[in-house]
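So the structure is just underneath, and the comments pick up after that.
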Amino acid sequence: MSGGAMARLDDDKRSEPSHPGALAIKSLNKRYRMDGRILQVLQDIDLNILPGEFVSIVGRSGCGKSTLLRLIVGLEADYDGDILLDDQPIRSTSLDRGIVFQDHSLLPWMTVEQNIGFALLTLDLPESEKKRRVAEHIDLVNLSGFAKAYPRELSGGMAQRAAIARALVNEPKILLLDEPLGALDALTRIHLQRELQRIRTQNRSTMIMVTHDVEEAVYLGDRVVVMDANPGRIGRVVTVPLPHPRDRGSRAFQHIRDEILADLTGAHDTD
Amino acid sequence: MLTLSRFRGFVLPIALIMLWSALSHRDAAHSFIFVPLENVVASAREMFLNGELSRNWTASLIRTSSGFAIGSGIGIAVGSIMAISRFADRLINPLYQAVRQVPLMGFIPLISLWFGNGESSKLFIVSLAAFYPMVLNTYEGLINTEKKYLSVASVFKLGRWRTLRYVTLPSALPSIFTGLMQATAFAWLSSVGSEFFFNPGPGLGNMMLNAQAAFRMDAVLLSVIAIGVTGFGMNFLVQRASRVFLRWRSTR
Amino acid sequence: MVDQVTGGSVFSAQAKTRRSLESFFSWLAASGPKTAVAANAPRTLKRTGLTILLSPVLLLAGWFALSHSGLFPTEVVVPPEEVAATFWDMVRSGDLQRNLSSSLGRLAIGYGIGAGIGLLLGSFMGLSRNAEAYLHPTFQLIRQLPTIALIPGFIMVLGIGETVKIVLVAKATALPVALAAFEGVKGIPRVYLDVADIYKIRPLTRFFRVILPATVPPVLSGMRIALSRSWMVLVGTELLIADSGIGQMMEWGRQVFRIDLVLVGVVITGVIGFTLDKSFRLLERRLVRWRYR
Ligand SMILES: Nc1ncnc2c1ncn2[C@@H]1O[C@H](COP(=O)(O)OP(=O)(O)OP(=O)(O)O)[C@@H](O)[C@H]1O
Ligand SMILES: [Mg+2]
């Protein structure tokens, strides 16, 4: 089933392959002011992400993962420090940067098709080309029968897949994913993990994915960033030196996974 | 038993009608107020056949629809301007909130003195009745667009006007339809009501006043029924329209 | 039809109005609760203090200028200071107080009766399935009739005395209140009751801690909307048939072409409408404190 979906997307059909972007985050700090109190959400974040790299971020709920992605995508301009994409500072949103939000954020008044086409609204492309790309991406996420469905008619997982298609369709240089597979069942999840891996090798775009699933983080990531909470900061960065496709059952894989898990739960009781 | 219990809702209306006709046939004093229902039917027939009913009905309906069009049109415009421009908001909102506190009927003497007692004053009241709910609901709908949808628009670089067209406006649509629903109801009742206060002319309100002056309860009742049924029909139409336009909404 | 808007969509409409006025009051008094969604929060906060006075002051200045410009006779566009003078005259002669007290008296009695009946019938319908089955369709039918349209018929039956005014106000109140009470009682989310069951809450606690708090907010909003609706109906009725009251005062001003009197009436009815609504809101806020932070 996954193989069929994969075959549908041929390399040569893709127009204008995007160049992956290099992201540099330097001593990033973010505070929120609430009722006069100041809440330090992110503290001294330093992170360099190479072009085409896949970085997974894991961390406790509320440690600022979503906030970090919102900053990178440019939704909030009010921060200290630098965020540079290909040496250009990020101060607002751009079509170079795509995001899949934690809740799918599909527009409820648009069909799946229109929601995906929404990403192409401002692009200067012929209508037929837009149509073709939308159809291609609907296929990509296995939603072929649901092009004309409204979000309320989709299951949580289907909506999430539509949101992934919307983020991919305009081929951003860097794609941010905020727990994109969180709402999915285990099977669809594994299927989409493979899809993401494939899309990533194919598009060669830079990807940053937040997840609560450590196995998923290790399966997809070239590196896994482990964040600490209160205030949110980078605790540890684990490199995953395994070749793709990765074998979840292999000893090396499980070793890395267990180490990160122990880090997260604060229990270093191995050997 | 189950099928019978479905008709429990009819018990009370039927009982009331029976009580009514029992009272109407007691004596002359009673039948003055509790007119025999056959008289209502007869006068309905008569007024339908001589065209009086349709003439008055049309007059009220035309006034309602023109007032509704004017009032809700301006209302949507003003509400949108307030939502889009902060300056306009600060300028108009306090005035709107202040003026809105005056009950609609309270403006009638003023309008009558300033603009006369003719049809245009009635139209003014109807427009005002439709205007109020439209301003509020349009404004509310537009400024309460969920932040996450605006984020999506921003991520895809939609720009001001496209955001308005594809995000803010559709998200305000349910609220705008609530406004339209209230506006039709208010326009209709103020259209009929305004006839009580200004110069007599064709309309269901005047038909009712004439009937009252002639002590014809049957014709008064007939007018009340016509007003109720028409109001119900208009509400039904708007509700239908909203269901078509808002079919993307989850029906909870 | 009026009532239909009030009663029928109490849930949605009321939530909306609440939010709207919330934001209105929160910029009226910047210390108010900041419940506005984050998206427009900065906007709500910025509207502090003096900015809201700008347009009323402009209006007053424009009115003043226009009335003194000579474009219109001062009997038609009465200067604001003359309206104020009329107001003072009426206060000193006691006319205003007399009219106010007869209007407010009617409103209090009619509203009291109407709200009482409405609450009783509404909760009865909400609590008993049988009562709902027998009564609710009739309620739906009656609420299609705007109170204003009933005035001539009621006059024929009840004459033009005090009774008819009180009955009309009571009718305008009872229907929306009954429907709000009905929906409030019916609308207690099932899960609340389930939670109470799961934790084996005793019936009395259950009533005071679960049922009442869940019912009170929608019912109060329905009662508030009914109050401003009744006020409108009363003013209209007084314009048509009355020997006293604010409406009658305005009607008299209309007949003798005293626009200053009419304007005083417009302002007074507005202030009363505002005060009634605002006090009800304060009451709501006191009773339903958990709703507001
Ligand atoms: N707009 C805001 N105003 C104030 N505080 C905020 C705002 N957005 C987020 N926060 C706070 O910032 C902190 C981090 O939030 P964030 O959503 O980034 O967490 P997260 O790591 O994504 O959590 P989760 O895994 O549950 O999604 C939280 O304490 C939250 O309360
Ligand atoms: Mg998050």
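Observations on the structure shown:
- Convex hull (Cα only) mean projected area of the protein assembly as shown, reported in nm² to one decimal: 44.5 nm²
- Added length on full extension, which subtracts the Cα-Cα distance from 0.36 nm per residue, C:E82 to C:F274: 66.8 nm
- Per DSSP, loop GluC sites (Glu not before Pro) in region B:28-59 with at most 14 further Cβ within 10 Å: none
- Per residue, the accessible area of chain B comes to 46 Å², computed with a 1.4 Å probe over protein heavy atoms only.
- Computed E for B:F10/B:R45 - FRET, C-beta separation, R0 41 angstrom, nearest 0.05: 0.95
- With every protein chain in place, region C:76-292: carbon and sulfur % of accessible area (1.4 Å): 68 percent
- With 31 Å as the limit on Cα-Cα distance, the pairs of B:K147/C:K200; B:K148/C:K186; A:K30/B:K148; C:K200/C:K278; C:K171/C:K200 that go past it are B:K147/C:K200; B:K148/C:K186; C:K200/C:K278; C:K171/C:K200.
- FRET efficiency for the B:L19 to A:D139 pair, using the beta carbon distance and R₀ = 56 Å, is estimated at 0.25.
- Angle between chain B longest axis and helix B:52-84 axis [Cα atoms, degrees, rounded to 10]: 20 degrees
- Projected label distance in nm at A:N230 and C:F72, using a 7 Å step from Cα toward the beta-carbon: 6.6 nm
- Cα-based helix-to-principal-axis angle, A:127-140 vs chain A, degrees rounded to 10: 60 degrees
- A:N48-A:D247 FRET efficiency (beta carbon distance; Förster radius 22 Å; 0.05 resolution): 0.15
- Average Cα contact separation per residue, chain B, under 8 Å, 6 or more apart, as relative contact order %: 24 percent
- Contour excess over end-to-end distance, with Cα ends at C:I109 and C:F64 and 0.36 nm allotted per residue: 12.3 nm
- Longest DSSP-loop-exposure-free segment, chymotrypsin sites (Phe, Trp or Tyr not before Pro), chain B, at most 15 other Cβ within 10 Å: B:8-214
- Inter-label distance, nm, simple model (7 Å from Cα along the C-beta direction), A:N29/B:V244: 5.9 nm
- Between C:L287 and A:L84, the simple spin-label model (points 7 angstrom out along Cα→Cβ) gives 6.3 nm.
- Region B:12-55 versus region C:162-234: alpha-carbon centroid distance in Å: 35 Å
- Its relative contact order, with pairs defined as Cα atoms under 8 Å and 6+ residues apart, puts chain A at 26 percent.
- Shielding score for B:90-101, defined as the mean number of other chain Cβ atoms within 10 Å: 6
- Listed residue (B:M181, B:L209, B:T138) projecting farthest to the positive dipole end of region B:54-243, Cβ model: B:T138
- Along each principal axis, Cα extent of region B:54-243, largest first, Å: 69, 36, 21
- Axis angle, to the nearest 10 degrees, between helix B:37-49 and the longest C-alpha principal axis of chain B: 70 degrees.
The values are calculated or read from the model by the stated rules, or taken from the named source; none is laboratory data. None of the values given here were measured: they were computed from a predicted structure. Note that we place each Cβ from the backbone using ideal geometry, even for glycine, and neighbour counts take in every protein chain shown. Ligands, DNA and RNA are stripped out before the accessible areas are found, and what is left, the full protein with its side chains, is counted by its heavy atoms. Shrake-Rupley method; radii C 1.70, N 1.55, O 1.52, S 1.80 Å.
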